[in-house]
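Worksheet: the structure to be examined is printed underneath.
The values are calculated or read from the model by the stated rules, or taken from the named source; none is laboratory data. Note that the structure is a prediction, hence the values are computed from the model and not measured. Here the Cβ is made from the backbone with ideal geometry for all residues, glycine too, and neighbour counts use every protein chain on show.
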Amino acid sequence: MENFEPVIVAFVCNWCTYTAADLAGTSRLSYPKNVRLIRVMCTGMVDPQYVIKALLEGADGVLVSGCHPGDCHYINGNYKARRRIKLLKEILPQFGFEPERLRLTWIGASDGIQFAEIMRELVTELKELGPSQAKLKMVV
Amino acid sequence: MQTKIGKALVIGGGIGGIRSALDLAEFGYGVTLIERTPHIGGILSQLDYQFPTNRCGMCKMLPLVERDASSQFCLRKGLFHENIDIRLSTELASVEGEPGQFKVTLRQEKNPVNPELCIGCGKCVEVCPVDTADAFNAGLSTRKAIYLPVPHNIPNTYRIDTGVCTQCGACQDACPTGAIQLLDEGRITFNILVVDDELIVRDSLKEWLEVEGGFQVSMAESGPEALEHIKTHGCQLMLLDIKMPGMDGVEVLQKAKELFPDLPVVMMTAYATVETAVEAMKIGALDYLIKPFDPDALIPKVIQIYQNLSTPVGPELEVGAIVMSGGTSYYNPAEGKDTYGYGSLPDVVTSIEFERLLSGTGPSGGKLVRPSDGRPITRIAWLQCIGSRDTQSDADFCSTICCMYAIKEAMVARERAARDGAQLDTSIYYMDMRTFGKSFQRYRDRSEASGVAFKRGRVHSVVPDPSGEDLQLRWVATDGTVATDHADLVVLSVGQRPAEGAQALTDMLGIERNPWGFVQTEAFSLTRTARTGIVASGAFAGLKDISESVIQASAAALAASQTIHGAGGSIGLKDCPKTIYDDVARQLPRILVAICTCNNAVTKGLDQAALVHRLQNDPAVKQVHFLDHTCTAEGWQQLEDLIKKHRPNRVLIGACLPYVYTRKLKQLGRDVALDPRLMEVVDIRSASLQPEASDNPTAAGIERILTMGIARLRHASPNPVPTVPVFQRALVVGGGIAGMTAALSIADHGFEVDLIEQSDQLGGNLHWLHHLIDGQEIEPLLTETRDRVNHHPQIDVHLTTRIVAAFGQAGTFYSTIEDGDGQARQLTHGAAILATGGSEAATTAYGFGNSDRIITQKMLEAQLHDGAIDPKALKTVVMIQCVDSREEPRNYCSRVCCPTTLKHALALKNANPDLRIVVFYRDMMATGFMETYFTQARKAGVTFIPYTLDGKPEVAVGATGDQRLMVTAHEPFLDRPVEISADRVVLATGIVPSLPQDLVQAYGVDQDEDAFFQEAESKWRPVDALKEGVFACGICHSPRNIGESIATAEAAAERALRIIASERVASGSIIAGVHESLCALCERCIEACPYDARMLDPDGERIVVNPVMCQGCGACAAVCPNDAAYVEGFDADQVMEVIDAALN
């Protein structure tokens, strides 16, 4: 368990968080590279099936991250994501996942440092939680 | 993208310049956007947060239609547009010619770092020994002499600050690609002649310039000797002392200029003779230096002069119009006499420094810590009007932005503290809180409710507290009490000043400046100058916030466009290169993978053969190649050759910094006839920088990123981008000055316009307004505009007509109009502009209606004009501001009332200097240059008494025969009640919009809570409705004066022109669609769409998407239970496969 490195799938929006991630990279900020970025246009397009798919395929955690409230390029996509993630967290246990494996954050385009911090935080939390057991239990 | 032959030059790459350039480019003109600094974004590259969202949102300025022509990512990172040629570090060198045919020459600053070769690895920074103040962080942190100007900008090539570089050569040795060429051969042969009678000055200058500057220096101790020297030896630059015995510097300058008219001369002067130096500049001196010299300042300046002189000018361009968008600069409190310890107390900062403290890319990474000792900040004080409303700092104007940014900074700081669980006190010390814009007052109220303290008064001094813990502020409140407050950070809300270089630019262009150094525009116009074809955009003409700058920028684009169109620029290019891509829609994916090894830095230790083998397990991957540097021209050529040789129908490039390739891919697509949507760059370099915990980290990371890219590309759609037909005609509702201006602006471009007016005459509010505060007559404006409208062949005026119904979408609207006889007919148009105006609000407050001596400002205007009121017969007039305004339910400032009150007060005082005028006000909204009239009114003896909402003045009508009016109020300075017997009480009731709800609904747009037009975004899309194709201007949009209304009208016209400019308008490639076979017609997607782009087609029983309104956000796809709604490029199958690849 000590060497457990959680795998995180992050759905990041094209306008804010993807830019922040790029900034973290170009600023050479150190953050754990456990995260696999999947760029979407808006967090509002993240279908719940993507999150569940990622967890079922073995991700130890899923991050959905977009623009701050009021900042969405598409007016209100991030609010839609917020509602959806809240519901998803309710039903994740039925799939055998701890709700903590899913996280929603807002990271603005110039928050490269915050992006790195959240990645570190997430890795620490997931390390405490341990590897996702779901894939072992479920037949998919 | 439609392309026309017209060209424009936009000077300045700030928010205004970007808006003007995008508007002109979207209309189809070619735009050259030049920017003095090495990055675009202007001041906004330093500001992360804007009210009212307290966030950013700049990306919303990007095109909504024809999206593929421009970059589709964060605008703070950068901008591309097919029709815009952005040239950084470039200035205007000269201009010749006439409107429509200007010949301009540009000068690009050269830098020792070659952007073609720089790969942004940052090795140079690690070895640079020089530390200097980082201008990006407003001097709060340091950087090296080689640096990135803005950390998140692209292109992100490093550059050398030649002013501070010691030319030690360390970076040159460290650079892996040989991008740095430090040695400037030119300097060794650049001969500077130092002329000064004092030996010590000559000697020290010679030493500094030779040793530290690397120049060749000669000396002369007198004027005659200097002249002899230049005759025999010549020189390239003369540093010339003014005060010398015998022949003085000015005389030497004159004689030298007779001999060599082009000789650059820089005067050297003591502080006492600066005026002489300024005079010398008028007879040809380039600049002046003030003694005693500071080598740290002197050498960079000489280097700068050298660079300007040695940089070859060019290229020369022909443009139809020039848009000046140089922005503004900000008052430097260190220059003032009373600086509140700025410069000596590190915890006294300017507002721009504070913005950097808040920023995630700032010196503290966004943590609220004191600059002095890094301890958390607990109490912040904002001091308003630093360098504004201050005749001592030559600023008899209000900078208009500081009140709102101070409130915003306080709000953002409080949010930040709340996030970190910290306590934070925030106080704003002010004279008047000028919350004059739409929604500003409610924002202020919100901040007050959240705990921001507003303290009215003047701060006298800021000194360190004797305890050494924090700062002490002594201030005087309005009641005269002196108090001492504490703060550990003091923010000086600095005002605006003319942009650096504004003087030189306007001189070169022959444009007048106003008394404060901003561009002087024509009467009733915020953009047009005395020279046709040269217009001012953004804040260059002075004192504007983002929203007004953006409006002004679109208006400037319109003015420029009129000139270009007039010169024939709207003709489409005959040989417009229309790219035909290979049709690969029916082919199976054949992917070529190109991997940049970054000179083996990325792929070190990688088993290349094994990687190729594994990638080629995927049958879609046909070729895998390794290239050394795809970012260099050579590497790119190799890639192009590979594509031409193998003819793949998908290309994946594994490299770094995918953003940089956006534009290159477009060009590559044209060169190899492959749609750039079928090519993608993925970042493999990040994976190689930090290994993960697995056996072969780099290989696994790189391979995963590549397979994710392959998964995306496999599903990439080559479908053509949909277009919609456009009915190239516009409809304007409302025949006031805004509506008429909008109609003329569009009609002048050759498009037909229907102008609908419900009354029987054009002109609206201009009928009862007679002159401006500066004396400008309004009647000629009305007559001239109305005549132009009535005689314009492209404008159909419909009087006594109203809109009864409308429907449609961008490109095609159908509006039903009904005339006075009840005859209805339908009009078809591509865009609609609402300009329905507004009127003075009715009131029953302060006894209005009880006496004919209680009147409104509008009535006063009429009575002054028709002589019903005789100022000489009056003794006392009381004026009351903010009647029913700035409190619920009409909680907004009408913006025009304070200037109107000042106008009438001054007119009355002018007619009868003995007349007593008392103005009761809450905050005098004398914004911008209007402040000077506030000053004049006070000088003329008008009394201004502030009141608060809980202490409003009361007006009683006397019961006795003469029925005198009695005004009672609390006088805060005296702290006692006062009674004023008045002949007239004049109420400023403000503006209410007349924007009928059914009209708004007919066009599918919204009203705000005060029944004004709801713009899509107050800052970034200020005249657009959320629904594309509908725009608004004038006072149905927001309260504003005539000039400002005209600016919104021009802006709305420019925005409408983008749409009706072409016969068909395209959307973007990322766009929603419907798999009809899967669709159950549940209509959830219709509800989810924020742009109203989806609707049910009842005939076909299917959901249709308007491609121009859809922005591709994917909200529909996420709610669709059957995966019937999808977004091109983000199909569910595709995302699922990418997830698989990510977890393999």
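Go through B:Glu779, B:Glu784, B:Glu861 for me and flag whichever is modelled with pLDDT of 95 or more, within 38 Å of the chain's Cα centre (by Cα) and over 18 Å from B:Thr741 (Cα atoms). Let's see the steps before the verdict.
Values: B:Glu779 fails: over 18 Å from B:Thr741 (Cα atoms); B:Glu784 fails: over 18 Å from B:Thr741 (Cα atoms).
B:Glu861 is the lone residue from the list that is modelled with pLDDT of 95 or more, within 38 Å of the chain's Cα centre (by Cα) and over 18 Å from B:Thr741 (Cα atoms).
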For this session: Taking only the range B:1097-1140 into account, find how many residues are over 39 Å from the mean Cα position of the chain (by Cα) and surrounded by fewer than 20 Cβ atoms within 10 Å (Cβ to Cβ).
Result: 13
For this session: Residues being more than 29 Å from the chain's Cα centre (by Cα), surrounded by 13 or more Cβ atoms within 10 Å (Cβ to Cβ) and not in a loop (DSSP other than H, G, I, E, B): count how many of those fall in the range B:985-1007.
Result: 5
Problem set entry | Tally, over the range B:629-663, of residues that are assigned to a loop (DSSP other than H, G, I, E, B), modelled with pLDDT of 85 or more and not polar (S, T, N, Q) | 2
Exercise. How many residues are of a type outside the set (D, E, K, R), closer than 30 Å to B:Cys74 by Cα, part of a helix (DSSP H, G or I) and within 14 Å of another protein chain (Cβ to nearest Cβ) when one looks only at the range A:91-134?
Worked result: 8
For this session: Kindly indicate which of B:Ala1052, B:Ala1025 is touching a Cys at 6+ places or on another chain (Cβ under 6 Å) and either surrounded by fewer than 23 Cβ atoms within 10 Å (Cβ to Cβ) or assigned by TED's automatic domain parsing to the domain that holds B:Ile756 (or both).
Result: B:Ala1052
Exercise. Hey, does the range B:969-990 have a residue that's without any contact (Cβ under 8 Å) to a residue 60 or more places away in the chain and in contact with a Lys or Arg (Cβ under 6 Å, 6 or more places away or on another chain)?
Worked result: no
For this session: Hey, could you check the range B:249-288 for residues that are in contact with a Lys or Arg (Cβ under 9 Å, 6 or more places away or on another chain) and of a type in the set (S, T, N, Q) and say which is surrounded by the fewest Cβ atoms within 10 Å (Cβ to Cβ)?
Result: B:Thr276
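With the requirement that a residue be within 21 Å of B:Asp465 (Cα to Cα) and touching a residue at least 24 places away in the same chain (Cβ under 8 Å), what does the range B:344-353 give you? Spell out how you get there, then give the answer.
Our first condition is that a residue be within 21 Å of B:Asp465 (Cα to Cα); within the range B:344-353, this holds for B:344-350.
Answer for the range B:344-353, where residues must be within 21 Å of B:Asp465 (Cα to Cα) and touching a residue at least 24 places away in the same chain (Cβ under 8 Å): B:Leu345, B:Pro346, B:Asp347, B:Val348, B:Val349, B:Thr350.
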Problem set entry | Which listed residue, of B:Thr603, B:Thr632, is outside the structural domain of B:Gly750 (by TED's automatic domain parsing), surrounded by 21 or more Cβ atoms within 10 Å (Cβ to Cβ) and closer than 30 Å to B:Pro176 by Cα | B:Thr603
For this session: Go through A:Pro48, A:Pro6, A:Pro32 for me and flag whichever is surrounded by fewer than 24 Cβ atoms within 10 Å (Cβ to Cβ), more than 7 Å from chain B (Cβ to nearest Cβ) and under 25 Å from B:Glu126 (Cα atoms).
Result: A:Pro32
Seminar exercise, completed: Filtering the range A:35-45 down to residues that are in a helix (DSSP H, G or I) and more than 7 Å from chain B (Cβ to nearest Cβ) yields A:Thr43
Exercise. Given the conditions (1) touching a helix residue (DSSP H, G or I) at 6+ places or on another chain (Cβ under 9 Å); (2) not in a loop (DSSP other than H, G, I, E, B); (3) not hydroxyl-bearing (Ser, Thr, Tyr); (4) not assigned by TED's automatic domain parsing to the domain that holds B:Gly1034, and given that B:Ile803 satisfies all but one, which numbered condition is not satisfied?
Worked result: (4)
For this session: For the range B:743-776, name all the residues that are acidic (Asp, Glu) and either under 33 Å from the mean Cα position of the chain (by Cα) or buried (at least 17 other Cβ atoms within 10 Å of the Cβ) (or both).
Result: B:Asp748, B:Glu752, B:Asp754, B:Glu757, B:Asp774
Exercise. What is the number of the single condition among (1) surrounded by fewer than 18 Cβ atoms within 10 Å (Cβ to Cβ); (2) at pLDDT below 95 that B:Ser393 does not meet?
Worked result: (1)
For this session: Run down B:Arg886, B:Arg895 and say which single residue is surrounded by 20 or more Cβ atoms within 10 Å (Cβ to Cβ) and in contact with a Cys (Cβ under 7 Å, 6 or more places away or on another chain).
Result: B:Arg886
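Among the residues of the range B:478-488, is there at least one that is surrounded by 20 or more Cβ atoms within 10 Å (Cβ to Cβ) and in contact with a Pro (Cβ under 8 Å, 6 or more places away or on another chain)?
Filtering the range B:478-488 down to residues surrounded by 20 or more Cβ atoms within 10 Å (Cβ to Cβ) leaves B:487-488.
So of that shortlist, the ones also in contact with a Pro (Cβ under 8 Å, 6 or more places away or on another chain) come out as none.
No: zero hits.
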Problem set entry | Per-region count, the range B:761-774, residues more than 13 Å from B:Val732 (Cβ to Cβ), in a loop (DSSP other than H, G, I, E, B) and without any contact (Cβ under 8 Å) to a residue 60 or more places away in the chain | 3
Exercise. Could you list, in sequence order, the residues of the range A:25-77 that are touching a residue at least 40 places away in the same chain (Cβ under 8 Å), within 29 Å of A:Gly130 (Cα to Cα) and among the polar types (S, T, N, Q)?
Worked result: A:Ser30, A:Asn34, A:Thr43, A:Ser65
Exercise. If you scan the range B:15-44, which residues turn out to be buried (at least 24 other Cβ atoms within 10 Å of the Cβ) and of a type outside the set (A, V, I, L, M, F, W, C)?
Worked result: B:Gly16, B:Gly17, B:Arg19, B:Ser20, B:Asp23, B:Glu26, B:Gly28, B:Tyr29, B:Glu35, B:Gly41, B:Gly42
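Do we have B:Ala982 as over 23 Å from B:Gly808 (Cα atoms), in contact with a Leu (Cβ under 9 Å, 6 or more places away or on another chain), surrounded by 22 or more Cβ atoms within 10 Å (Cβ to Cβ) and not assigned by TED's automatic domain parsing to the domain that holds B:Arg67 here? Steps first, please.
Working: over 23 Å from B:Gly808 (Cα atoms): yes; in contact with a Leu (Cβ under 9 Å, 6 or more places away or on another chain): yes; surrounded by 22 or more Cβ atoms within 10 Å (Cβ to Cβ): yes; not assigned by TED's automatic domain parsing to the domain that holds B:Arg67: yes.
Yes.
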For this session: Pairs only if they're at least six apart or on different chains, beta carbon under 6 angstrom, first in the range B:639-665 and within 14 Å of chain A (Cβ to nearest Cβ), second surrounded by fewer than 18 Cβ atoms within 10 Å (Cβ to Cβ); list them, first residue then second.
Result: B:Thr662/B:Phe80
Exercise. What single numbered condition from (1) more than 25 Å from B:Pro315 (Cα to Cα); (2) not in a loop (DSSP other than H, G, I, E, B) fails to hold for B:Pro52?
Worked result: (2)
For this session: Answer yes if at least one residue in the range B:569-580 is assigned by TED's automatic domain parsing to the domain that holds B:Ile322 and of a type in the set (Lys, Arg), and no otherwise.
Result: no
For this session: Give the residues of the range B:55-86 that are out of contact with any Ser or Thr (no Cβ under 8 Å at 6 or more places or on another chain), over 20 Å from B:Met324 (Cα atoms) and in a helix (DSSP H, G or I), sorted by residue number.
Result: B:Met58, B:Cys59, B:Lys60, B:Ala69
For this session: May I ask you to list the residues in the range B:76-109 that are crowded, with 20+ Cβ neighbours inside 10 Å, more than 9 Å from every other protein chain (Cβ to nearest Cβ) and either within 18 Å of the chain's Cα centre (by Cα) or among the polar types (S, T, N, Q) (or both)?
Result: B:Gly78, B:Leu79, B:His81, B:Asn83, B:Ile84, B:Ile86, B:Leu88, B:Thr90
Exercise. So which residues in the range A:51-83 are out of contact with any Asp or Glu (no Cβ under 9 Å at 6 or more places or on another chain), facing another protein chain (nearest Cβ under 7 Å) and over 22 Å from B:Pro1090 (Cβ atoms)?
Worked result: A:Ala54, A:Gly58, A:Ala59
